[in-house]
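A.B. asks: Dropping the structure in here first, questions after.
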Amino acid sequence: MGKTLLQKVWDAHTVRILPTGQTQLFIGLHLVHEVTTPQAFDELRLRGWTVRYPARTFATVDHIVPTRDTARPFGDPMAEAMMSALERNCRDFGVPLYDLSHHNQGIVHVIGPELGLTQPGMTIACGDSHTSTHGAFGSVAFGIGTSQVRDVLASQCLALEPLKVRRIEVNGTLARGVYAKDVILEIIRRLGVKGGVGFAYEYAGSVVDRMSMDERMTICNMSIEGGARVGYVNPDETTIRYIEGRPFAPQGEAFERARVWWKSIASDADAVYDDRIVIDGSEIEPVVTWGINPEQSVGVSQRIPSPKDAPSGGGAAIEEALTFMGFDGGAPIAGTPIDVAFVGSCTNSRLTDLREAAAIVRGHRVAPRVKALVVPGSQAVRAAAEREGLHEIFTAAGFEWRGAGCSMCLAMNPDRLEGRQICASSSNRNFKGRQGSPTGRTLLMSPAMVAAAAIAGEVVDVRTVLDRDLAAAR
Ligand code: SF4
């Protein structure tokens, strides 16, 4: 009987089965940032422990960093304290740190792949929910809490419950104007935010096979929003081509040996799954969230649901979301006015995301009352975008072009919504208060849809913008 990638990677990293029934799993790569680590390092100090494998541990700053004025000390004393603590901890424990002065700095889930640290067949941990991003490479990547960060720092191991595997096949062809973000929002809409509890999601099918690594990262990034502990794509030639030549990738003979190992850990053709879902990619249209979790979404041509349309028991959740959002059930989502447009976050701040947004923005102006910002995921993405002139397209249109960081995804920095503002956002969470204002409202969508909304001043179908630009070019 064949094995899934999850089983193969799990077996290869099992240290032992604990008396609790959990598996003690060796972690190949530990990514560290400023928010979830201060207490973990403090506990190591208290106990007189060291970091077990500093060579497998890498730190960056992303959540709290300002994306405009990065002069030290930061204006926010709490941000300054976190930054200083990470600097001290990395110095004391021998962990490399990519701080704001380093060209490798950026969002932790952007820089890991970019540097070639993220590789197929690895186990990866990071104190951030969206660590599932790294699964795009065929790694098994866990978002962990502060006490688990301490465990990994001290022992390079985690105690974990076994997972079931659900294979999600997306087949066919995506329509123009439909992107990886729409695919994952559609998956979450269909399976629910709790549908993946207890599962690893294996993404497959012809749509996923044709995707770039950036697109696969967008899909895997939001696995956690569907309740799955991890999400992954089997490694293939696209994966291997992406990794080759990156700073931390194996070189020469070692790369050839790694290529064989990476291919061998893909799920076997006769692997047995706990569940299988098949989705026709051609049915997916641009998706927009209307509520307060990523499952509460509709296609852009559709209407916001009413409590009376909900299956039994679902009306209360719709009612709560509509009340918070100030929306009417039955109203079309298209035409919803926006105040802020945000292109960024570990879901959608890579070079291809910026290219897609710039293609929509080129030759247009941001609507007069909309604040629009583009926040590249890393200093390397920013530099690459500038080499292509993307920053000029954005700034000419009225977007702000910022430094690398999490920015308005989480708003633990100066980039925040104010009051009841509505933000068209390429990030991953639309929870109440997520973007900094307790009453602020978030509409999740693809970077291209954010760009289209910025120009129109309201939610619009990006396909109409693409059609119009195409007609004008003829
Ligand atoms: S961009 Fe958002 S989700 Fe991603 S690491 Fe930063 S705060 Fe977390």
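The values are calculated or read from the model by the stated rules, or taken from the named source; none is laboratory data. The model shown is predicted, which means the values in this text are computed figures rather than measured ones. All Cβ positions, glycine included, derive from the backbone under ideal geometry; neighbour counts span all protein chains shown. Areas reflect the complete protein model, heavy atoms only, side chains present, ligands, DNA and RNA absent. Shrake-Rupley method; radii C 1.70, N 1.55, O 1.52, S 1.80 Å.
A.B. asks: Determine which member of the set 216, 229 is in contact with a Leu (Cβ under 6 Å, 6 or more places away or on another chain) and more than 15 Å from residue 122 (Cα to Cα).
C.D. replies: Every option except 229 fails the conditions.
A.B. asks: Now a separate question. With (1) more than 16 Å from the ligand (Cβ to nearest atom); (2) surrounded by 24 or more Cβ atoms within 10 Å (Cβ to Cβ) as the list, and residue 349 as the residue in question, which single condition is left unmet?
C.D. replies: Answer for residue 349: the failing condition is (1).
A.B. asks: How many residues are within 16 Å of the ligand (Cβ to nearest atom), assigned to a helix (DSSP H, G or I) and under 16 Å from residue 447 (Cβ atoms) if we restrict to the stretch 374-389?
C.D. replies: Qualifying residue count for the region: 2.
A.B. asks: Let me ask something else. Test residue 232 against the stated conditions and say whether it is hydroxyl-bearing (Ser, Thr, Tyr), under 30 Å from residue 289 (Cα atoms) and surrounded by 15 or more Cβ atoms within 10 Å (Cβ to Cβ).
C.D. replies: yes
A.B. asks: Scan the stretch 94-142 for residues that are within 12 Å of the ligand (Cβ to nearest atom) and open to solvent by 10 Å² or more (accessible area, probe 1.4 Å) and report the count.
C.D. replies: 2
A.B. asks: For the stretch 252-296, what are the residues that are buried (at least 16 other Cβ atoms within 10 Å of the Cβ), over 24 Å from residue 173 (Cα atoms) and of a type in the set (Val, Ile, Thr)?
C.D. replies: Hits for the stretch 252-296 are 265, 292.
A.B. asks: Moving on. Hey, can you tell me all the residues within the stretch 334-343 that are more than 24 Å from the chain's Cα centre (by Cα) and open to solvent by less than 30 Å² (accessible area, probe 1.4 Å)? Full working, then the answer.
C.D. replies: Within the stretch 334-343, the subset more than 24 Å from the chain's Cα centre (by Cα) is 334-337.
Across the stretch 334-343, the qualifying residue is only 336.
A.B. asks: Could you give me the residue pairs with C-beta distances under 8 Å whose first residue belongs to the stretch 55-67 and is within 23 Å of residue 411 (Cα to Cα) and polar (S, T, N, Q), whose second residue is in a helix (DSSP H, G or I) and near the ligand (Cβ under 10 Å from one of its atoms) wherever it lies, and which are 6+ apart or on separate chains?
C.D. replies: Close Cβ pairs satisfying both conditions: 60/108; 67/407.
A.B. asks: Report, by residue number, each residue of the stretch 17-32 that is within 15 Å of the ligand (Cβ to nearest atom) and either among the small types (Gly, Ala, Ser) or touching a His at 6+ places or on another chain (Cβ under 9 Å) (or both).
C.D. replies: Answer for the stretch 17-32, where residues must be within 15 Å of the ligand (Cβ to nearest atom) and either among the small types (Gly, Ala, Ser) or touching a His at 6+ places or on another chain (Cβ under 9 Å) (or both): just 31.
A.B. asks: Here's another thing I want to ask about it. Can you tell me which residues in the stretch 33-83 are of a type in the set (S, T, N, Q), within 16 Å of the ligand (Cβ to nearest atom) and either in a loop (DSSP other than H, G, I, E, B) or open to solvent by 60 Å² or more (accessible area, probe 1.4 Å) (or both)?
C.D. replies: 36, 37, 67, listed by residue number.
Yes/no matrix, rows are residues, columns are (1) more than 30 Å from residue 226 (Cβ to Cβ); (2) outside any helix (DSSP H, G or I); (3) open to solvent by 30 Å² or more (accessible area, probe 1.4 Å); (4) touching a residue at least 40 places away in the same chain (Cβ under 8 Å):
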residue	(1), (2), (3), (4)
369	yes, yes, yes, yes
372	no, yes, no, yes
391	yes, no, yes, no
419	yes, yes, yes, no
431	no, yes, yes, yes
455	yes, no, yes, yes
468	yes, no, yes, no
471	yes, no, yes, no
